[in-house]
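**Student:** Here it is, the structure in full.
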Amino acid sequence: MLRPISLAAALMVSASALVAEEFRWAETTDPQTMDPHAVNSAAVLGFLNNVYEGLVRRGKDMTIEPALATAWEPIGAGEGWRFTLRQGVTFHDGSTFDAQDVLFSYQRASDEASDTRSWFAPVSEVKVVDDYTVDIMTTAPNPIFPDSIANWMMMDSGWAEANNAARPDKDNGNFATLNANGTGAFQLTTREPGLRTVLEPFGGWWDEAEHNITRAELTPIQNPATAVAALLSGDVDFINPVPIQDTARLAANDQVKVIQGIEARVIMLGFPHEAEALKYSGETTDANPFADARVRQAVAHAVNVPAVLQTIMRGNAEEVSQLVSPAMRGYSADLANRPAFDPEKARALLAEAGYPDGFSFGLKCPNDRYLNDESVCQAITGMLAQVGMRATLDAMPVQNYWPELRSDNYDMYLLGWSPGTFDAEHPVRFLASTPNEEKKLGSWNFGGFSNARVDELLPMIQSEIDDGKRQAMLDEVTKILQDEVAYVPLYVQPLVWGTQANIVLTQRPDNFFILRWVTVN
Amino acid sequence: MLAFVIRRVFQSVLVLLVVGLVAFSMFRFVGDPVDNMLGQERTQADIERLRSQLGLDQPFAVQYFKFLQGAAQGNFGVSYRQGRPVSDILMERAPATLELAAVSGFLAISIGIALGVFTAIRRNGFTANAIMSVSLIGVSLPTFLIGILLIYLFSVELGWLPSFGRGETVMIGGWSTGFLTESGLKALILPSITLGLYQMTLIMRLVRSEMLEVLRQDYIRFARARGLRERAVNFRHALKNTLVPVITVTGLQLGSIIAFAIITETVFQWPGVGLLFINAIQFVDIPVMAAYLMLISVMFVAINLIVDLLYFAIDPRLRVDRTAAH
C-alpha cells in the first residue's frame, strides 16, 4: 500500500517541475469519437482540428488558408479544383503524406457510413495527377468548394488499413474511434472517453509552432457551476462555455478572464407556412394566420430584440436581420437593418390581416439547445401577448424537440442555425429551399416555406464563380426572405469563454478551440 | 430457509422483468436519439435508415425482447454515443462509483453510529443537542447544494481540495483505483461527504432513537443494577440490540448510495456510472440507459435478499418463528 503512494507522490513532484506549460481545459461535451469522418458535430470536428488537418484550414479571422495543400485553382471553366499538396509532411506515426492519402480520405469521408458524406455531394471524382497534385472534379462549377472542406481531415491510408479502420464505423466503433494519427500540431496520447483526452505537441509538425504547451488535457464537465468552480479554483485553465449569468462575476475576478465574441449561430423564429390551420389555438381552429406575410411581419415588429439581449443575454449578443451573421461570407451588408420594435405597427398589421383581436397559438421551444433558449421564448411570449398574439409556450429537451418539429407539431418554433460552410448559401439550401428529399434541399425547412425565385437562384448561386454576381443573387434571396418574412431572425448567439489570467488565446466564431494559438504566460 | 431463498430469487427475477418492461416503455418519451447521431446535414432518408437499423421503428415490446435476448447472453449492445460495447463502458466506470459509495457508506455508518450513540447517552448535553440541530441540515439540504457549497468553500475559497474529478488513478488489473495516490484520496473527500451526509444523519437519528428506546428497557436497568460498567452496558447490551433495524435501513441505504450517486457524480464530475447514465439520458443512449437501470435493479434486489438473510443470522427469534410457522 505504502510504496505506490510514495512512488506516485515522487512522480507527481517530478511531473509538476517538468510541466510548467501543462494546459487543462473543460468543455460541456466530450467529443464522442476520435474518427474525423464518422460524426459531423462541432464537438468532434472542433477537437480533432488540433490533431488532424485538411487541405485547407481556417485562420484566426475564419478565412481559408493553405494547410496540407499549398495552392489551389479552378480547372478549366469550373469543372473542378486542382490542389497542389505540401511536400515533406508526415503523420504522427512517421509515414509520409501524399496524394494517395487524399484519395483515401475522400473515399473514407464520402463513404455510406460517414456523416460527412454530404460535403462531397458536388464531387464527381477525385483524380491523383501525381504524388503531390490532386484534381477534385465537381458536377457543376463550385466556387466555394475550397471553403466547404476546411473540416475534411486527412487520414493516412496505410495506418487506417493496417488497423482495420478503412471505413468509419459509428455503430460498433473501430481502431480510429479511440486512436488518432493525423498531421496536426498535436498528437493524441491518451483517450479515455468521457474522462480525459490528452494531447502532446507533435515534434515533426510542418508549420511553425505559435504555442508553448507541452501537454494538454481535456476533461468534460457537464455541470456549468462545477466548471466555473474548477476555473476559479485553478483546477482548469480554460472553460467553454461560461454560463451567461456568471460572466459579470468572473469578469470582476482578477484571477480569470472572460473572452466574449459572437458565434456563427443565428437564432430565429419559424412558422408553419404550409399548415391548413393552427394546431394549438383555442379559437382559430380553421385558419392559419401565419400563412399571411402580414402576420409574420407583425411578429417581427412585436418582438423587442434589444430588450431580450439586454436582459436575458446580459448584453452579450447582437441582433441580426438575416439568416447569417455579419462574419459569414455572402452576408448582405445593405440589408442589415432588422424590423424595428413597433407594437403599434404590429397591431395594425394584424388588424389588416383580419385579426384585430389577435389569436392564440402554440410556441415550441427547446430548453437545453441554445443559450438561455427557454428564457428567450418566455420573453417572446410576453412580447407577442402585448399585441394580441397569445402564445402558449411548450419548452422541452432537444431530443424531444426535433421529432416534434418533424411531425409538424407547432404553430411557431425557435431555431438556431450555424452554417457549416460559413457561407450565406448554406441556410438558403437548408432553411429556405422548397423541401426536396431527392435533391437534399430544405431538409430543415420544417414549415415548408417555398418561393420559386429562391429555388431558381440557389443552383445559380452554387455555381457562380464571379463574386460580385454571386453576392447580387444572395442579396436578392435575402431581400425576398425579408419581404416574405420566411423567418424572423432575432440575434446571433454569443460566445463566452473563461480562462486563467495568464492564458492568451484566440476565439473563433465557429466555437472551435484551437490549441495551437494558446500561450501560457 | 432454502425454500425461502428460492422463492425470493424467483420473485426477484419477476421484479427485474417488470423494471425492464417499464423502462423500455418509458424510453419513447426520453426523445429520439437519431438527431444526435446524425449531423446537421442529415436527410429524412438518413433518419429513417438509422431508425430501422437501430430497431427504433419497432414496438417497444419487440425492442425489450431483443434487449432481454442479448442481456441473457451477457450482451448489452453498443452505446449509441460512444460506439463501444456497453459492458466495456460499465466496467470502466463501475470502480469509480463503487469506491465512492464504499467510502461514503463507511463514513455514514461509522460516524452515524458513533454520533447516534453519543447523542443518545448524553441526551441532554449541549454538544448532543448541537449535533442534532446541525444534522437537520444533512437531512433537509439537497445533495447538489451541499456539493456546490463544499466546492466553493474547500476548492475555490480555501484551495485545499480539487473541485472535480477523481485525481490520478492506478490500474490494478482492470480496476482503476483512486485509493493509492494522494490526489485520488484528496479527490474522494468532498464527494464522499456529499454523498454520505444524508445517510449519516439518517443512521445517526435512527441509532439515537432506537438506543433511547433500548436504554429504557428492564434488562438495561438490571445490567446497571448488576454493577456493570457504563461502557459495557451501553455498547455490549444496548447498542447490540439497536442494530437490527439499523442493518435493514443501512442495507437499503447502501443501494441508494450507489443509485443516487448520480447527483453527486454530476456535481463533482465524478466519472462513475451515475454520470454515464446522465450523459446517456441527454443523448438518448438507450442501450446504456437500459443496462444501467437493469444493473441498479439487480443490485437493489440482491441487497434486499442479503438483508433478509442477515435477519436470520442476527435475530434468533426470526428463525424460530419461521420454522414454527411452516
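**Student:** Does at least one position in the range A:361-373 carry a residue that is of a type in the set (G, A, S) and assigned to a loop (DSSP other than H, G, I, E, B)?
**Tutor:** no
**Student:** With respect to A:A77, determine if the residue is outside any helix (DSSP H, G or I), surrounded by fewer than 22 Cβ atoms within 10 Å (Cβ to Cβ) and in contact (Cβ under 8 Å) with a residue 60 or more places away in the chain.
**Tutor:** Yes: the conditions hold for A:A77.
**Student:** Still on this structure, I have one more. Can you confirm whether the range B:91-106 contains a residue that is among the basic types (K, R) and open to solvent by 50 Å² or more (accessible area, probe 1.4 Å)?
**Tutor:** No: the range B:91-106 contains no residue that is among the basic types (K, R) and open to solvent by 50 Å² or more (accessible area, probe 1.4 Å).
**Student:** Considering only the range B:130-185, how many residues are within 30 Å of B:L206 (Cα to Cα), out of contact with any helix residue (DSSP H, G or I) (no Cβ under 7 Å at 6 or more places or on another chain) and within 14 Å of another protein chain (Cβ to nearest Cβ)?
**Tutor:** The qualifying residues number 5.
**Student:** OK, next. Does the range A:80-96 hold any residues that are open to solvent by 40 Å² or more (accessible area, probe 1.4 Å), under 26 Å from A:L199 (Cα atoms) and not polar (S, T, N, Q), and which are they?
**Tutor:** Within the range A:80-96, A:R86, A:G88, A:D93, A:G94 qualify.
**Student:** Can you tell me which residue is farthest from A:E425 (Cα to Cα) among those in the range A:459-475 that are outside any helix (DSSP H, G or I) and not aliphatic (A, V, I, L, M)?
**Tutor:** A:D466
**Student:** Does at least one position in the range A:157-164 carry a residue that is at pLDDT 90 or above and within 14 Å of another protein chain (Cβ to nearest Cβ)?
**Tutor:** no
**Student:** So, one more: Among the residues that make up the range A:194-216, is at least one of them within 14 Å of another protein chain (Cβ to nearest Cβ) and in a helix (DSSP H, G or I)?
**Tutor:** No, because not a single residue in the range A:194-216 is within 14 Å of another protein chain (Cβ to nearest Cβ) and in a helix (DSSP H, G or I).
**Student:** Quick check on my filter: what residues within the range A:429-459 are in contact (Cβ under 8 Å) with a residue 24 or more places away in the chain, within 14 Å of chain B (Cβ to nearest Cβ) and under 17 Å from A:Q482 (Cβ atoms)?
**Tutor:** A:L431, A:S433
**Student:** Would you confirm whether or not the range A:123-135 contains a residue that is under 30 Å from B:Q282 (Cα atoms), touching a residue at least 24 places away in the same chain (Cβ under 8 Å) and either assigned to a strand (DSSP E or B) or within 14 Å of chain B (Cβ to nearest Cβ) (or both)?
**Tutor:** No: the range A:123-135 contains no residue that is under 30 Å from B:Q282 (Cα atoms), touching a residue at least 24 places away in the same chain (Cβ under 8 Å) and either assigned to a strand (DSSP E or B) or within 14 Å of chain B (Cβ to nearest Cβ) (or both).
Residue-by-condition table, conditions (1) surrounded by 21 or more Cβ atoms within 10 Å (Cβ to Cβ); (2) more than 22 Å from A:S375 (Cβ to Cβ):
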| site | (1), (2) |
| --- | --- |
| A:Y280 | no, no |
| A:A298 | yes, yes |
| A:A317 | yes, no |
| A:A333 | no, yes |
| A:A340 | no, yes |
| A:E344 | no, yes |
| A:A351 | no, yes |
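**Student:** Residues B:S110, B:S176: which one is under 25 Å from B:T242 (Cα atoms) and hydroxyl-bearing (S, T, Y)?
**Tutor:** Going through B:S110, B:S176 in turn, just one is under 25 Å from B:T242 (Cα atoms) and hydroxyl-bearing (S, T, Y): B:S110.
**Student:** Examine the range A:215-232 for a residue that is surrounded by fewer than 17 Cβ atoms within 10 Å (Cβ to Cβ) and at pLDDT 90 or above, and state whether such a residue exists.
**Tutor:** There is no residue in the range A:215-232 that is surrounded by fewer than 17 Cβ atoms within 10 Å (Cβ to Cβ) and at pLDDT 90 or above.
**Student:** Right, here's the next one. Which of the residues that make up the range A:382-412 are surrounded by fewer than 22 Cβ atoms within 10 Å (Cβ to Cβ) and within 12 Å of another protein chain (Cβ to nearest Cβ)?
**Tutor:** Those that are surrounded by fewer than 22 Cβ atoms within 10 Å (Cβ to Cβ) and within 12 Å of another protein chain (Cβ to nearest Cβ): A:M396, A:P397, A:V398, A:Q399, A:N400, A:W402, A:P403, A:E404, A:L405, A:R406, A:S407.
**Student:** Every residue in the range A:379-411 that is closer than 18 Å to A:A300 by Cα, small (G, A, S) and assigned to a strand (DSSP E or B), please.
**Tutor:** Result: A:A391, single match.
**Student:** While we're looking at this one, here's another question. I need a count of the residues in the range A:166-178 that are of a type in the set (G, A, S) and either facing chain B (nearest Cβ under 9 Å) or farther than 20 Å from B:D88 by Cα (or both).
**Tutor:** Qualifying residue count for the region: 2.
**Student:** Give the residue that is nearest to B:R166 (Cα to Cα), with candidates limited to residues of the range A:239-253 that are more than 14 Å from every other protein chain (Cβ to nearest Cβ) and not in a helix (DSSP H, G or I).
**Tutor:** For the range A:239-253, the residue satisfying everything is A:N240.
For (1) in a strand (DSSP E or B); (2) acidic (D, E), each residue gets a yes or a no:
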| residue | (1), (2) |
| --- | --- |
| A:E73 | yes, yes |
| A:Q87 | no, no |
| A:E112 | no, yes |
| A:M137 | yes, no |
| A:E161 | no, yes |
| A:P168 | no, no |
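**Student:** Residue by residue through the range B:26-79, note down the ones that are open to solvent by 60 Å² or more (accessible area, probe 1.4 Å) and either among the charged types (D, E, K, R) or facing another protein chain (nearest Cβ under 8 Å) (or both).
**Tutor:** Within the range B:26-79, B:R28, B:F29, B:Q44, B:E48, B:R49, B:R51, B:Q53, B:D57, B:K66 qualify.
**Student:** Could you look through the range B:164-177, keep only residues that are of a type outside the set (S, T, Y) and open to solvent by 40 Å² or more (accessible area, probe 1.4 Å), and pick out the one that is nearest to B:A114 (Cα to Cα)?
**Tutor:** Restricting to residues being of a type outside the set (S, T, Y) and open to solvent by 40 Å² or more (accessible area, probe 1.4 Å), the top hit is B:G167.
**Student:** Which of the following residues is open to solvent by less than 70 Å² (accessible area, probe 1.4 Å), of a type outside the set (S, T, Y), touching a Pro at 6+ places or on another chain (Cβ under 9 Å) and outside any helix (DSSP H, G or I): B:L190, B:L180, B:L161, B:L228?
**Tutor:** It is B:L180.
**Student:** While we're looking at this one, here's another question. Looking at B:R205, is it within 12 Å of chain A (Cβ to nearest Cβ), at negative phi, surrounded by 15 or more Cβ atoms within 10 Å (Cβ to Cβ) and basic (K, R)?
**Tutor:** Taking the combined requirement at face value, the residue does not satisfy it.
**Student:** Could you tell me whether A:L415 is assigned to a helix (DSSP H, G or I), within 13 Å of chain B (Cβ to nearest Cβ) and surrounded by 18 or more Cβ atoms within 10 Å (Cβ to Cβ)?
**Tutor:** For A:L415, the condition - assigned to a helix (DSSP H, G or I), within 13 Å of chain B (Cβ to nearest Cβ) and surrounded by 18 or more Cβ atoms within 10 Å (Cβ to Cβ) - is not met.
**Student:** From the list A:N181, A:N163, exactly one residue is of a type outside the set (A, V, I, L, M), over 30 Å from A:Q471 (Cα atoms) and open to solvent by 30 Å² or more (accessible area, probe 1.4 Å). Which is it?
**Tutor:** One residue alone meets the criteria, A:N163.
The values are calculated or read from the model by the stated rules, or taken from the named source; none is laboratory data. Fair warning: this is a prediction, and the values are worked out from it, not measured in the lab. Counting neighbours? That spans all protein chains shown, and the Cβs are built from the backbone with ideal geometry, glycine included. We work out accessible area using only protein heavy atoms, side chains counted, and drop any ligands, DNA or RNA first. Shrake-Rupley method; radii C 1.70, N 1.55, O 1.52, S 1.80 Å.
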